[in-house]
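Below is one structure, written out as structure tokens; the observations come after it.
The values are calculated or read from the model by the stated rules, or taken from the named source; none is laboratory data. Since we're looking at a predicted model, the values are computed, not measured. Cβ placement follows ideal geometry from the backbone for every residue including glycine, while neighbour counts extend to all protein chains displayed.
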Amino acid sequence: MNKGMSLYKLGMIGLLMLLLLIPLMMINGIIQDRQGRRSVVIHDIARSSSYSQQLTGPVLIVPYRRTIQVSRHSDVTQQRYEEPVEERGRLYFLPDQFALDGEVQTEVRARGIYEARLYHATNTIKGNFVLPERFGLGDAYKNYRFDEPFLAIGISDVRGIEDGLKLDLNGKKFDFVPGTDVPLLGEGVRVMLPTENGAENRTLSFAFDLRLQGTGQLQVTPVGKSSRVALSADWPHPSFIGDYLPSARNVSDTGFTATWETSFFSTNVQDILNHCSASKICAELTARSFGVSFISPVDQYLKADRSIKYALLFIALTFAGFLLFEVLKGLAVHPVQYALVGAALALFYLLLLSLSEHIGFGLAYLLSATVCVALISFYVSHVLGGVVHGVGFGIGLGTLYALLYGLLSAEDYALLMGSLLLFGLLGVFMVLTRKLDWYAIAQRPAKPADVPSGVAE
């Protein structure tokens, strides 16, 4: 029986494929390690500047005090009695109209070979509060005593505030101070409103400018009964995130513009605020947000990780090509020669990872594939006994690399393209071997693998 077609030979090829999983798993571990190291560096850069930003507010808070009767039990008389107790609380009001217009400029901060994208957002925020008569308390209003009201704005990382803040309220200027003094909003700023300027006026028109620095994401909580947010940026690869997509957007090579419009009917923010505990951060409130993530369109680690998932299939197809040459040309290829070709295929992924960190994924893929195809073609031309065979094998291998790059680039169509590729390769194999007598091949002697070029086929 032909040694090249023996079950022992096929078993050795299968074992080699399994053994090649070891270096592939090691390379995949390196990819994960480098990806984790990059995440640490990005986190460190953000920690030194500011993290992702989320704006929640403004919210108008009116502190109050009132006297209530509390039932007590006397241990002496064993009777119950009523005792007056002062209760303190707060009333929360959201804007009727809320509008934010923001212009965002991005920049890259680098540490070694790793980069993080920061942004600087110049926001103009305006709107108005329409307070209900007697704060909506009805006849119980006379039992309340109100303290100085204030306006609070939640800002997830106050380190990103780039200048002083001044509030324009009904034409008068007020200075913001640090801290919201409202746990459910988290970090942020607030501005005190004297009673004669705030709580006694039923309509409060506000406006202020906010310059904010952040990393990665910018989100806004639509707090108004009617909210409109318009953002424009110089980043051409936005990812729109959150509970609401833009009602209008335009993305070009020079940047993007996007507009969101919401109402109380779609956000239910007022009801959420009413049910939130005033003593802790309201996660449900901050979750009702939308915004944009300034993602990088080329993540070399993600693409390298995706490419190595196809490695075993890639090696199997290459070995199948070797086997096809053995069958059609009657050659004998030693398992060691399979192993050397498999090792070259595995090292492609290490070259791809190391080069992509410095010159980008696309160029790194081209260079890595070129040197691997050249090396394997040179080696195979001697293994298969002719330059023509080596060049033909190299063309086929180069085509596989090109198809793999197409799979990595077409993320949404990767499954379809992969299925068509496998079906097409199976069809080629079946066409080339359609007239082959496999029983006769198993009995015929094989040519030595190191036959010089030009020996009769």
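For segment 319-342, indicate whether the set of residues that are under 22 Å from the mean Cα position of the chain (by Cα) and either more than 20 Å from Met26 (Cα to Cα) or among the hydrophobic types (A, V, I, L, M, F, W, C) (or both) is non-empty. Looking through segment 319-342, none of the residues is under 22 Å from the mean Cα position of the chain (by Cα) and either more than 20 Å from Met26 (Cα to Cα) or among the hydrophobic types (A, V, I, L, M, F, W, C) (or both).
Here's the yes/no breakdown for (1) farther than 29 Å from Arg38 by Cβ; (2) modelled with pLDDT under 90; (3) not hydrophobic (A, V, I, L, M, F, W, C):
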{"residue": "Glu187", "(1), (2), (3)": "no, no, yes"}
{"residue": "Val191", "(1), (2), (3)": "yes, no, no"}
{"residue": "Glu196", "(1), (2), (3)": "yes, yes, yes"}
{"residue": "Ser205", "(1), (2), (3)": "yes, no, yes"}
{"residue": "Lys225", "(1), (2), (3)": "yes, no, yes"}
{"residue": "Tyr244", "(1), (2), (3)": "yes, no, yes"}
{"residue": "Ser252", "(1), (2), (3)": "no, no, yes"}
{"residue": "Ala258", "(1), (2), (3)": "no, no, no"}
{"residue": "Glu284", "(1), (2), (3)": "yes, yes, yes"}
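Please verify whether Leu91 is touching a residue at least 60 places away in the same chain (Cβ under 8 Å) and either surrounded by 11 or more Cβ atoms within 10 Å (Cβ to Cβ) or of a type outside the set (Gly, Ala, Ser) (or both), treating the condition exactly as stated. Against the criterion (touching a residue at least 60 places away in the same chain (Cβ under 8 Å) and either surrounded by 11 or more Cβ atoms within 10 Å (Cβ to Cβ) or of a type outside the set (Gly, Ala, Ser) (or both)), Leu91 does not qualify.
If you check Gly127 against the conditions, is it of a type in the set (Gly, Ala, Ser), assigned by TED's automatic domain parsing to the domain that holds Leu165 and either more than 40 Å from the chain's Cα centre (by Cα) or at pLDDT below 95 (or both)?
Values: of a type in the set (Gly, Ala, Ser): yes; assigned by TED's automatic domain parsing to the domain that holds Leu165: yes; either more than 40 Å from the chain's Cα centre (by Cα) or at pLDDT below 95 (or both): no.
It is false that Gly127 is of a type in the set (Gly, Ala, Ser), assigned by TED's automatic domain parsing to the domain that holds Leu165 and either more than 40 Å from the chain's Cα centre (by Cα) or at pLDDT below 95 (or both).
Restricting Glu284, Glu326 to those that are more than 30 Å from Ile22 (Cα to Cα) and either among the charged types (D, E, K, R) or in a loop (DSSP other than H, G, I, E, B) (or both) reduces the list to Glu284.
For the structure I just gave you, tell me whether Asn250 is assigned to a helix (DSSP H, G or I) and over 18 Å from the mean Cα position of the chain (by Cα). Steps first, answer last, please.
On the way: assigned to a helix (DSSP H, G or I): no; over 18 Å from the mean Cα position of the chain (by Cα): yes.
The answer is no for Asn250.
Scanning segment 242-269 for residues that are of a type in the set (A, V, I, L, M, F, W, C), buried (at least 17 other Cβ atoms within 10 Å of the Cβ) and closer than 30 Å to Arg109 by Cβ yields Phe256, Ala258, Trp260.
Annotation note: of Gly342, Gly385, Gly291, the sole residue that is of a type in the set (Gly, Ala, Ser) and either assigned to a helix (DSSP H, G or I) or free of Cβ contacts under 8 Å to residues at least 24 places away in the same chain (or both) is Gly342.
Check whether at least one residue in segment 433-440 is at pLDDT 75 or above, in a helix (DSSP H, G or I) and surrounded by fewer than 17 Cβ atoms within 10 Å (Cβ to Cβ), and report yes or no. Checked against the condition, which is being at pLDDT 75 or above, in a helix (DSSP H, G or I) and surrounded by fewer than 17 Cβ atoms within 10 Å (Cβ to Cβ), segment 433-440 yields no hits at all. Being of a type in the set (Phe, Trp, Tyr), touching a Ser or Thr at 6+ places or on another chain (Cβ under 8 Å) and part of a helix (DSSP H, G or I): is that true of Phe393 here? Spelling it out, Phe393 is indeed of a type in the set (Phe, Trp, Tyr), touching a Ser or Thr at 6+ places or on another chain (Cβ under 8 Å) and part of a helix (DSSP H, G or I). Quick check on segment 173-181. Is at least one of its residues within 21 Å of Thr203 (Cβ to Cβ) and loosely packed, with under 13 Cβ neighbours inside 10 Å? So far as segment 173-181 goes, yes, one or more of its residues are within 21 Å of Thr203 (Cβ to Cβ) and loosely packed, with under 13 Cβ neighbours inside 10 Å.
Restricted to segment 94-212, the set of strands (runs of 3 or more DSSP E) holding at least 2 residues that are farther than 27 Å from Lys280 by Cα, in contact with a helix residue (DSSP H, G or I) (Cβ under 7 Å, 6 or more places away or on another chain) and not polar (S, T, N, Q) comprises 97-111, 114-130. Output the residues belonging to segment 1-59 that are part of a strand (DSSP E or B) and either of a type outside the set (Gly, Ala, Ser) or at pLDDT 90 or above (or both). Passing the criteria: Gln53, Gln54, Leu55, Thr56, Pro58, Val59.
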